[in-house]
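All of the numbers you see were taken from the coordinates with simple rules; none came from a lab. What you are looking at is a predicted structure, and each value in this text was computed from that prediction instead of being measured. Reconstructed Cβ throughout: ideal geometry from the backbone, glycine too, with neighbour counts over all protein chains shown.
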Ligand code: NDP
Ligand code: 2IT
């Protein structure tokens, strides 16, 4: 790390104590941005980076709700409005007991760069709550969402801040949130994305993050004259992103062999095919059960419970060509990255946000494999949210084919931006620098144009 980068990180640390995930996300970007700031000192004197690590606004609020037994619960709600230089704040909501200010600030910070890479006019934001939807009835989830929106509604709007889903927030939650927003504002607008198809949603939005991540992996492989056909793939998670990653991999002739959830993972060397994926979708989206059931249903698979004390995750220690981490942050540590490389991995495309630790990333970069950071590889989700916003503004829905084609093109362009920018800054093939610098430049230039705000 350069002296500039070291003193900048010391400054960020001193201002954000107790926020390890946020500091990790900033650190990862600062390493790349040193290349830009050294070449263009005007960004340094305008304190662009100092401004980018300071959210424009942080909203925190009480979310009280009543369970089915009549007991009162109190959760905490957040919305981080990080940067609006190139468009309204845009980014998902996460409902998970692990949610903290640090996690949402890291996600909002990443979102600024990701949204810029999509080339659509979207600023960056993120929000959520430490509410745990697991084991709650639909009515409890509805009451929670209504209480959450009863405060959030004053801060968002179709031209101000447009939330969407993330971990623990899918179609059901977006429905309850939208209903409450509409009731409070007496307005039917595109204030959220990921809406139902009958009420302003876009075709392909549910599929977009997983599909986009696979399109990105295919673009990377094409630079080495290869395709996904016949490739064995490790996928983690079994939620929205993992499911549609597996769906697209199957369509392209690849063989996904793993899935996981917060209790463990399954390894199915025979491959997860369409029928097995249908089982997973019903298990996870309708019955909201555990992935362990997969191994009871399909004899070709084994189930391994998650061991939080282990120094490595065995999911990443199978022989495979490609890996698609699609569960959560920091799920690939240095040892896991070493195992992937040892087993001959050629592609790692991050469906999740920041799934690889900083030293894990270094292992993948040193091995010169095709490694795509989340802010590039998983940008298809928010890009298609941008397409949903466009359709809402036009009041005209596009066909499935049209949205999918636009998504494909956007992923191709993000890939090209990463490759071109990495080359321009003297680090060819480094998608981390490509994504960080590519995302930074558009936002930084907009901030320069708009003065000190
Ligand atoms: P879902 O809630 O649909 O699925 C999350 C999956 O990850 C579940 O299988 C869940 O297991 C597992 N998981 C969650 N937290 C943990 C944890 N702490 N340890 C182990 N497993 C965990 O979320 P998504 O699929 O939408 O999100 C997955 C990742 O993709 C996240 O990093 C998210 O930020 C990112 N992402 C999502 C986008 C989207 O459009 N949805 C867009 C871009 C990125 P369990 O079932 O046990 O909870
Ligand atoms: O991390 C992400 O990009 C998302 N959760 C999707 C955000 C969005 O606004 O669609």
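I'd like the distance separating the alpha-carbon centroids of region 1-40 and region 326-359, in whole Å.
Cα centres, region 1-40 to region 326-359: 22 Å.
What order do you get for 243-251, 272-280 when each peptide is scored by the mean count of other beta carbon atoms within 10 Å, highest first? Intermediate values should be presented prior to the final figure.
Numbers: 243-251: 23.1, 272-280: 16.2.
Peptide ranking by packing, descending: 243-251, 272-280.
Between residue 73 and residue 273, what is the spin-label point distance in nm, taking each point 7 Å from the Cα along the Cα→C-beta axis?
The answer from the label model is 4.0 nm.
Given a cut-off of under 8 Å on Cα pairs at least six residues apart, what relative contact order in percent is computed for the chain? Kindly include the intermediate steps, with their values, before the conclusion.
Values: 913 pairs, mean separation 71.0, N = 453.
Once normalised by length, the contact order is 16 percent.
Compute the relative contact order of region 93-147 as a whole-number percentage, counting only Cα pairs closer than 8 Å that sit 6 or more residues apart in sequence. Don't skip to the answer; put the middle values down first.
Numbers: 55 pairs, mean separation 24.1, N = 55.
Relative contact order for region 93-147 comes out at 44 percent.
Under a point spin-label approximation (7 Å from Cα along Cα-to-Cβ), what is the residue 310-residue 402 distance to one decimal in nm?
Modelled inter-label distance: 4.7 nm.
In whole percent, what relative contact order does region 1-158 give with Cα contacts below 8 Å and a gap of six or more residues? Display every interim value, and only then the final one.
Working: 242 pairs, mean separation 36.8, N = 158.
For region 1-158, the relative contact order is 23 percent.
Where does the chain land at 222 nm, in deg cm²/dmol rounded to the nearest 500, when only DSSP H runs of n ≥ 4 count, each adding -39500 (n - 2.57), divided by all residues?
Numbers: 17 runs with 217 residues, N = 453.
So the helix-based figure for the chain works out to -15000 deg cm²/dmol.
Roughly what would the spin-label model give for residue 3 and residue 343, points 7 Å off Cα along C-beta, in nm?
Once both label points are built, they end up 4.5 nm from each other.
What order, most packed first, do the peptides 203-214, 88-99, 19-30 have when packing is the mean number of other Cβ atoms within 10 Å of each residue? Can you show the working numbers first?
On the way: 203-214: 26.7, 88-99: 23.7, 19-30: 20.6.
With the highest mean Cβ count within 10 Å placed first, the list reads 203-214, 88-99, 19-30.
What would the Debye equation give as log₁₀ I(q)/I(0) for the chain at q = 0.07, 0.11 Å⁻¹, counting only Cα atoms as equal point scatterers?
The Cα Debye sum returns log10 ratios of -0.32, -0.84.
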